[in-house]
């Protein structure tokens with residue numbers, strides 16, 4: 001199955017937890033093992049066949065745009081959030097006209113990973129079934145996460161259908177910042193800042209939210225300590 005040719009890359013965050021590394025740059029341009037966070041993600045997306053990446057910008061927007069224009073692939077299209085930071089759902093809504101009607105990858109820029117078996121994004125593409133799903137998330141087992149100490153986000157049944165942790169103390173899987181979605185999921189939403197989680201909860205109730213588990217080790221690069229830990233891991237092991 002051919003995967004999405006377009007991606008939405010969510011790069012507009014303020015990066016407050018990453019200070020002082022973000023005192024003079026957006027979080028997307030913080031480097032890990034010699035490569036900026038956004039280039040880690042764009043390289044993954046390019047390898048998965050993405051031809052166009054819509055990138056939202058807010059903090060240090062001019063600097064991020066200048067950096068992105070140096071890339072030869074994928075084609076970069078800017079969704080400008082200088083005036084108002086729209087969060088994940090609002091960012092997708094604001095960029096809706098740039099995304100087309102086919103399913104798209106949606107990716108954060110604070111996740112890097114090492115693959116042990118099946119390549120992550122092709123595995124996500126292989127699992128994607130538009131007749132059953134509106135969204136399919138890339139997940140990690142919480143015991144294979146670096147830089148993450150939360151209680152987990154989801155339970156998953158044998159078919160891959162997800163339910164939220166809810167009142168449970170812990171859940172075995174956490175979302176790691178990449179998914180495939182039908183862009184139409186935001187068509188009924190107002191143009192305002194909001195989280196995609198609001199949409200996902202409704203999809204989970206309808207049995208239309210699915211997930212695939214990464215065969216590898218995920219690193220959440222959320223603050224300087226996590227960046228240092230991820231850099232040490234990546235320098236000792238190739239990204240595969």
Quiz item: Based on DSSP, what percent of beta bridges with both residues in the chain are antiparallel, to the nearest 5?
Solution: 50
Exercise. Give the Cα extents of the stretch 36-77 along the principal axes, in whole Å, largest first.
Key: 28, 18, 16
Self-check item: Over the chain, volume per residue of the alpha carbon convex hull, in Å³
Solution: 123
Quiz prompt | Relative contact order (percent, whole number), the chain, Cα cutoff 8 Å, 6+ residue spacing | solution = 26
Practice problem: Normalise the Debye intensity by I(0) for the stretch 99-240, one equal point scatterer per Cα, no solvent, then take log10 at q = 0.09, 0.11 Å⁻¹ and round to two decimals. | Solution: -0.28, -0.42
Exercise. Express in whole angstrom the spacing between the alpha-carbon centres of the stretch 46-92 and the stretch 101-137.
Key: 19
Quiz item: Which residues in the stretch 7-23 place their backbone N less than 19 Å from a point set 7 Å from the Cα of residue 80 along the Cα-to-Cβ direction?
Solution: 9-13
Quiz item: Expressed in nm to one decimal, what extension gain is obtained for the pair residue 65 and residue 116 from 0.36 nm per residue of sequence separation less their Cα-Cα distance?
Solution: 15.0 nm
Self-check item: Separation between Cα centres of the stretch 172-190 and the stretch 192-240, rounded to whole Å
Solution: 12
Quiz prompt | Hull-based mean projected area of the stretch 55-145, where the convex hull spans the alpha carbons, in square nanometres | solution = 7.9
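Just so you know, all these numbers are worked out from the coordinates, no wet-lab data involved. This one's a predicted model, so the numbers in the text were calculated from it and none came from an experiment. When we count neighbours, we look across all protein chains shown, and the Cβ atoms used for this are built from the backbone with ideal geometry, even at glycine.
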